[in-house]
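Asker: Please find one structure pasted underneath; my questions will follow.
The values are calculated or read from the model by the stated rules, or taken from the named source; none is laboratory data. Keep in mind the model is a prediction, meaning the values are calculated, not measured. As a convention, Cβ positions derive from the backbone with ideal geometry for all residues, glycine included, and neighbour counts pool all protein chains shown. In case anyone asks, the SASA skips ligands and DNA or RNA and just uses the protein heavy atoms, side chains included. Shrake-Rupley method; radii C 1.70, N 1.55, O 1.52, S 1.80 Å.
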Amino acid sequence: MSELSKAYEPQSVEDKWYDFWVKQGCFTADPARVSSSRPAYSIVIPPPNVTGVLHMGHVLNNTIQDILARKARMDGKEVLWLPGTDHAGIATERQVEKAVGKEEHKSKHDLGREEFIKRVWTWKEKHGGIIISQLKKLGCSCDWTRERFTMDPDYVACVTKVFIELYKKGLIYRGKRMVNWCPVSQTALSDEEVEMRPQKGILYHFKVEVAEMPGTWLSIATTRPETIPGDTAVAVNPRDARYAQLIGKHVVRPLPAELAREQKLIPIVGDEAVDFEFGTGVLKVTPAHDMADFAIGERHNLPRIDIMNPDATMNDLAGADLKGLERFRARKVAVEKLEELGALLEAKPYENNVGFSQRAGVPIEPRLSEQWFLKYPSVAKSKACVAGSSGSASVPSPAPSAGKMRFHPERWAKVYDHWLANIQDWCISRQLWWGHRIPVWSKRIPGNDFTKLGINEADAAHFANEFGKNSSEGGVHFAHSFSASGETSDCHVFVAKEGTTEIRALTTSLKEKASLDGLGFTQDPDVLDTWFSSWLWPFATMGWPVKTPELNAFYPTSDLVSGPDIIFFWVARMIMAGYEFMGDLPFRNVYFTGIVRDKQGRKMSKQLGNSPDPLDLIAKYGADAIRFGTMRSAPLGQDVLFDEKDVELGRNFCNKLWNACRFRQLQGGETQGEINASKLRSDDKWILLKLHQAIKDLNVAFAEYNFSEATAILYRFFWNEYCDWYVETTKALFSGDDASKKANALAVMDFVLSHTLRLFHPFLPFITEELWHGMGYAEDMPGEQGGRSILFAPWPKSFDSDTRDHYALDDCYLDHVNARFELITQGRDLRRQARVASNKKVRFVLKPSRDLPPNDIEVMKLLLNADPFEVNADYEPPKGVLSTKAEMGELYLPLEGLIDAVAETARHKKELEEIQSEIIKVEQKLANPNFVNKVPPAVLAEHRQRLEDWQGKRAHIQKLLDGLSDA
RNA sequence: GGGCGAUUAGCGUAGUGGUAGCGCAGCUCCUUUACACGGAGUAGGUCGGAGGUUCGAAUCCUUCAUCGCCCACCA
């Protein structure tokens, strides 16, 4: 390879290698290769919104997935990381609506449904690839040959099939119920899409007269006076002595003002739900506009007056004064009206929680509406299917037992269980156009005269016959072909209102659909909640309901990486769908990331402008840098405070890695294969032992999904241990002329670097691949074991005992080399005290505490920048010399005169005080009989050693002090 | 109202009973040929408060405080 440039330039290598990987099919999974010796590893990507752009949350989430996938490849697994995008109903529809409005000044209604959907597809084609290309820039090793979209034809068929199955099981039903209505999007929302926000408002008190007792007034508190026209009762608690006797009587509702008194009479009902502590203890009941009131209305059979339009303006029933007004404007007018009527008693500031549409950011309107609902399936199985995460820090988590999965961090299991224990039926219909259209065609006929269906006589007779089997309650299900194509629809026939019969036909067949349209059946106009397609993602993307090789090999998936914010929307629902349709969990492990915030802890948002564009960061620092920086600053289970500094650090780290390889390269050509065990210096053994330890620590971090810990281990090993110490010691050899020793050190370097590159690869895919080839390490490996790409190089193993014996890697070398480094650090501090510039050679004298091999002397000389460096066991230091004592000996920095005796004395005295206080601490412990008797022997010995060390230091300083006072 | 999490140096974070660590920022010195996207050294913490258990507590227990998140139909 040509000589490496002085600094790493990511721009020149990233695209090159990404193209290489894709062209070589490195990311493509082959189900046929899965075997007992080559286990499968799979992840499905949380599909980003198809028209979305990459943000820091994606970077965090997908970097983790990529690390897992790349690590699994190096572990010799057959890896499928299945990518794709989500059609994101509301978000995309609004985006396109806005664009159409801006460019053509048209609404979606102006265009019509069919034309609008065409526009969405055009939009999707134009913008849909953006986020995918961004993921590629980040280095994601997804199997792009299997990219999926939640609106792909086979995916649509899959969603439809699921709908029909659940419908037939009676789990999906249509009903007129209170739903969360978003007046902006003009659609129903699920409970999960509603976000409670505290709102500053006003609590109004107004009075109503009891009709049967003129002159008796009740006072009622409300935050929503504009809904008074919709009130159909007032409720009190039957146990409330103040009001119980009024139950059954009536009050006069003040609005709409123009109605006659008798038209405004509403009953007083008794209901336990009324809290008599709150407000006045009298509750206005508006069954059509409040969830709780709806329930009260059901219990007391109250009429429901819907006084609003879908866009939350008031309708005719709200009365002449409010009609046509927007709801908050109507509130003001209603208050004015009450005031005019003399009914308003007080208005005081009040803060309460109001449900907001998460997406549109406006208060939702509880609204009575006909929608499709799902009773969640497989709830019982989904409960308690989460096993605890590995509790022990040092033991890798074992494979979960069958039917169990693990959450990381474990605490999310509680959140999941709690949600599952309290779920209500899921409102799955949305009044949108972009999405999976509900596959239900319906037609209503008078009586049960099936000839009115427009079908032939035989079919009509068939219907009548089937219907006759059970026309009583929920109706009857049977299959029927409307298209004479042999394909069938699932029919559901039941008695609807007013002596009519309703026929619903559910089908996935295009021919059936056409026939149904021809027969005057109408398809339900609504589409399904986007999550109703996402919850099938793990198996729908693998070809279900066909039993594909992918499903055989890769389902259940191994890991899921998700943000905790979609634990209910997505994760929990996927678990239920997995059980219901696959009979098994969709994944074995779920890793929940934190939320990415800015460095002040604020959520990233467009408004605040605190959300950096990851692509800018990649352009500026490189993809590896943003990956490493993000991982390094993302602590396990906590939010991530993003700071560009972290990316900068990632870039610096890559540059360090680059230059460490460059240094190796500059020392001489050939890759050195064989390490000669007999020629290893203590430093060589030290770095090999450190490498061994780093691999072990790294494996633990991986088992715990602790990626910030993993990067910290890599950082420490490579920068602090390899670069700062080991490489520096080799310079003592390289300046010498012992060729065989030099070659051996190069062999150690090659060994360490080739291992290090592999350890780094999941985190830094690009630079490691570049260096893997550039340094020639690829050539040393078989093709599919790293020869072609570092992607498939085996993950390094920590050393077994044979290897340790062969290289004589005894832990005593750690102690020995550490002791030498300690002495060097202290010696460098002496230079600082003496104000000797670090580039200036200066004389040091070492009075060693034991015999030292020549390598130690050479290394110390070099790293202290000492010249001369004298080793003299009998050294008699002159008075007042700068000195330090360490385990390996006493080090002196003798300078010609110029010692500030006063300053030195003061410094030593301070030092002595500190040492003294440490000695007292240890002595006190050792003097305590409880301590000596109860403590484990190792701890006791360690304390005694510590005391000895401190005492030695004290004696040394004392000697120096004595010398100074003599001088 | 319930639940969960956090509180350790200026900032960010590690640390599950035995001498409080790391990174960034700071300060000092160094362009000594792998790297100034660097090297060397250094300062900075009574581990949120108060009790308790223990020979010994950042760590275990109790309690309080502050911050954050999630869940919840008090009008």
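Residues checked against (1) surrounded by 17 or more Cβ atoms within 10 Å (Cβ to Cβ); (2) β-branched (Val, Ile, Thr); (3) near RNA strand B (Cβ under 10 Å from one of its atoms); (4) free of Cβ contacts under 8 Å to residues at least 24 places away in the same chain:
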| site | (1), (2), (3), (4) |
| --- | --- |
| A:PHE642 | yes, no, yes, no |
| A:VAL647 | yes, yes, no, no |
| A:PHE653 | yes, no, yes, no |
| A:LEU657 | yes, no, yes, no |
| A:CYS661 | yes, no, yes, no |
| A:ARG664 | yes, no, yes, no |
| A:GLY668 | no, no, no, no |
| A:LYS685 | yes, no, no, no |
| A:LEU689 | yes, no, no, no |
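Asker: Still on this structure, I have one more. Output yes when any residue across segment A:714-732 is open to solvent by less than 60 Å² (accessible area, probe 1.4 Å), part of a loop (DSSP other than H, G, I, E, B), in contact (Cβ under 8 Å) with a residue 60 or more places away in the chain and under 27 Å from A:GLU3 (Cα atoms), and no when none is.
Answerer: Within segment A:714-732, none of the residues are open to solvent by less than 60 Å² (accessible area, probe 1.4 Å), part of a loop (DSSP other than H, G, I, E, B), in contact (Cβ under 8 Å) with a residue 60 or more places away in the chain and under 27 Å from A:GLU3 (Cα atoms).
Asker: When only residues in segment A:184-199 that are charged (D, E, K, R) and part of a strand (DSSP E or B) count, which is surrounded by the fewest Cβ atoms within 10 Å (Cβ to Cβ)?
Answerer: Restricting to residues being charged (D, E, K, R) and part of a strand (DSSP E or B), the top hit is A:ARG197.
Asker: Of the numbered conditions (1) of a type in the set (D, E, K, R); (2) farther than 17 Å from A:ASP724 by Cβ; (3) within 12 Å of RNA strand B (Cβ to nearest atom); (4) in contact (Cβ under 8 Å) with a residue 24 or more places away in the chain, A:ASP829 fails exactly one; give the number of that condition.
Answerer: The one condition A:ASP829 does not meet is (2).
Asker: Examine segment A:611-632 for a residue that is on the phi > 0 side of the Ramachandran plot and open to solvent by 10 Å² or more (accessible area, probe 1.4 Å), and state whether such a residue exists.
Answerer: no
Asker: Would you mind telling me which numbered condition in (1) away from RNA strand B (no atom under 11 Å from the Cβ); (2) in contact (Cβ under 8 Å) with a residue 24 or more places away in the chain; (3) over 23 Å from A:ARG828 (Cβ atoms); (4) charged (D, E, K, R) A:ARG946 fails?
Answerer: It fails just one condition, (1).
Asker: List pairs: first residue in segment A:949-963 and open to solvent by less than 70 Å² (accessible area, probe 1.4 Å), second residue of a type in the set (D, E, K, R) and part of a helix (DSSP H, G or I) anywhere in the structure, Cβ distance under 6 angstrom, at least six positions apart or on different chains.
Answerer: A:TRP950/A:GLU918; A:ILE957/A:GLU911
Asker: Turning to a different aspect of this structure: Which one of these is within 14 Å of RNA strand B (Cβ to nearest atom), open to solvent by 60 Å² or more (accessible area, probe 1.4 Å) and hydrophobic (A, V, I, L, M, F, W, C): A:PHE278, A:PHE294, A:PHE328?
Answerer: Matching residue, one of A:PHE278, A:PHE294, A:PHE328: A:PHE278.
Asker: Taking the residues in segment A:419-458 that are surrounded by fewer than 22 Cβ atoms within 10 Å (Cβ to Cβ) and small (Gly, Ala, Ser) as candidates, determine which candidate is nearest to RNA strand B (Cβ to nearest atom).
Answerer: So, considering only residues that are surrounded by fewer than 22 Cβ atoms within 10 Å (Cβ to Cβ) and small (Gly, Ala, Ser), the one nearest to RNA strand B (Cβ to nearest atom) is A:ALA421.
Asker: Let me ask another. Being closer than 20 Å to A:SER483 by Cβ and assigned to a loop (DSSP other than H, G, I, E, B) is the filter; apply it to segment A:424-459 and report the residue that is farthest from the chain's Cα centre (by Cα).
Answerer: Step by step, filter segment A:424-459, then rank; the result is A:ASN456.
Asker: Let me ask something additional. State all residues of segment A:248-275 that are within 16 Å of RNA strand B (Cβ to nearest atom), part of a loop (DSSP other than H, G, I, E, B), free of Cβ contacts under 8 Å to residues at least 60 places away in the same chain and open to solvent by less than 70 Å² (accessible area, probe 1.4 Å); if no residue qualifies, say none.
Answerer: Answer for segment A:248-275, where residues must be within 16 Å of RNA strand B (Cβ to nearest atom), part of a loop (DSSP other than H, G, I, E, B), free of Cβ contacts under 8 Å to residues at least 60 places away in the same chain and open to solvent by less than 70 Å² (accessible area, probe 1.4 Å): A:ARG253, A:ASP271, A:ALA273, A:VAL274.
Asker: Identify all residues within segment A:309-318 that are open to solvent by less than 20 Å² (accessible area, probe 1.4 Å) and either within 16 Å of RNA strand B (Cβ to nearest atom) or under 12 Å from A:ASP231 (Cβ atoms) (or both); write none if there are none.
Answerer: A:ALA318
Asker: Answer yes if at least one residue in segment A:142-150 is more than 30 Å from A:GLY355 (Cα to Cα) and in a strand (DSSP E or B), and no otherwise.
Answerer: yes
Asker: Here's something else I'd like to know. Could we say that A:MET574 is part of a helix (DSSP H, G or I), under 21 Å from A:PRO48 (Cα atoms) and of a type in the set (A, V, I, L, M) here?
Answerer: yes
Asker: Could you list all residues from segment A:203-232 that are hydroxyl-bearing (Ser, Thr, Tyr) and touching a helix residue (DSSP H, G or I) at 6+ places or on another chain (Cβ under 6 Å)?
Answerer: Listed by number, the list holds a single entry, A:TYR204.
Asker: Could I ask something else about it? Looking at segment A:925-938, which of the residues that are near RNA strand B (Cβ under 7 Å from one of its atoms) and surrounded by 12 or more Cβ atoms within 10 Å (Cβ to Cβ) is farthest from the chain's Cα centre (by Cα)?
Answerer: The residue in question is A:ASN928.
Asker: Restricting attention to segment A:281-291, which residues are assigned to a loop (DSSP other than H, G, I, E, B) and open to solvent by 40 Å² or more (accessible area, probe 1.4 Å)?
Answerer: A:ASP290
Asker: Output the number of residues of segment A:532-564 satisfying the condition of being in contact with a Gly (Cβ under 9 Å, 6 or more places away or on another chain) and part of a helix (DSSP H, G or I).
Answerer: Matching residues across segment A:532-564 total 9.
Asker: Still on this structure, please answer the following. Restricting attention to segment A:577-617, which residues are in a loop (DSSP other than H, G, I, E, B) and small (Gly, Ala, Ser)?
Answerer: Listed by number, the residues that qualify are A:GLY583, A:GLY594, A:GLY601, A:SER605, A:GLY609, A:SER611.
Asker: Do you know which residues across segment A:35-46 are open to solvent by less than 20 Å² (accessible area, probe 1.4 Å) and either among the small types (Gly, Ala, Ser) or assigned to a loop (DSSP other than H, G, I, E, B) (or both)?
Answerer: Of everything in segment A:35-46, those that are open to solvent by less than 20 Å² (accessible area, probe 1.4 Å) and either among the small types (Gly, Ala, Ser) or assigned to a loop (DSSP other than H, G, I, E, B) (or both) turn out to be A:SER42, A:ILE45.
Asker: List pairs: first residue in segment A:474-497 and on the phi < 0 side of the Ramachandran plot and among the aliphatic types (A, V, I, L, M), second residue surrounded by fewer than 18 Cβ atoms within 10 Å (Cβ to Cβ) and assigned to a strand (DSSP E or B) anywhere in the structure, Cβ distance under 6 angstrom, at least six positions apart or on different chains.
Answerer: Sorted first by the residue in segment A:474-497, then by its partner, the pairs are A:VAL493/A:VAL476; A:ALA496/A:ARG444; A:ALA496/A:GLU502.
Asker: Against the conditions (1) part of a helix (DSSP H, G or I); (2) of a type outside the set (Val, Ile, Thr); (3) touching a strand residue (DSSP E or B) at 6+ places or on another chain (Cβ under 7 Å), where does A:LYS137 fall short? Just the number, please.
Answerer: Here A:LYS137 clears every test but (3).
Asker: For residues that are of a type in the set (Val, Ile, Thr) and closer than 16 Å to A:ALA540 by Cα, scanning just segment A:131-155, find the one that is most open to solvent (accessible area, probe 1.4 Å).
Answerer: Checking each candidate, the answer is A:THR145.
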